[in-house]
């Protein structure tokens, strides 16, 4: 196998790795965005029921706030993990892109 053929094969492998890492980055970004949207949704005030008396509505509002705080805590932990995965995926994609570009430059015929 000639050096050019080896470089071409290496370039194809680098492209595959880059595609895989880019896919992982997109998946991580999507999961992170979904968690952020869940957090934003918890900031919405609880809907008040028109048929409830004021005391019952206040109790329902407090129960919602307690639930929302627990849920916010769970989502924040999940978001922290997803953010770390996203950072790792982004770095992996950058590295794979750099390798792919370096190999592509080696494959371009010199003038």
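The values are calculated or read from the model by the stated rules, or taken from the named source; none is laboratory data. All figures in this text were calculated on a predicted structure; none of them were measured in a lab. With ideal geometry, Cβ positions are generated from the backbone for all residues, glycine too; neighbour counts draw on all protein chains shown.
Residue by residue, here is whether (1) modelled with pLDDT under 95; (2) surrounded by 12 or more Cβ atoms within 10 Å (Cβ to Cβ); (3) more than 30 Å from residue 16 (Cα to Cα) holds:
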position: 56; (1), (2), (3): yes, no, yes
position: 85; (1), (2), (3): no, yes, no
position: 89; (1), (2), (3): no, yes, no
position: 103; (1), (2), (3): yes, yes, no
position: 106; (1), (2), (3): yes, yes, no
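Per the conditions (1) at pLDDT below 85; (2) in a helix (DSSP H, G or I), the sole criterion not satisfied by residue 65 is (1).
Could you tell me whether residue 11 is modelled with pLDDT under 95 and surrounded by 15 or more Cβ atoms within 10 Å (Cβ to Cβ)?
Values: modelled with pLDDT under 95: yes; surrounded by 15 or more Cβ atoms within 10 Å (Cβ to Cβ): yes.
For residue 11, the condition - modelled with pLDDT under 95 and surrounded by 15 or more Cβ atoms within 10 Å (Cβ to Cβ) - is met.
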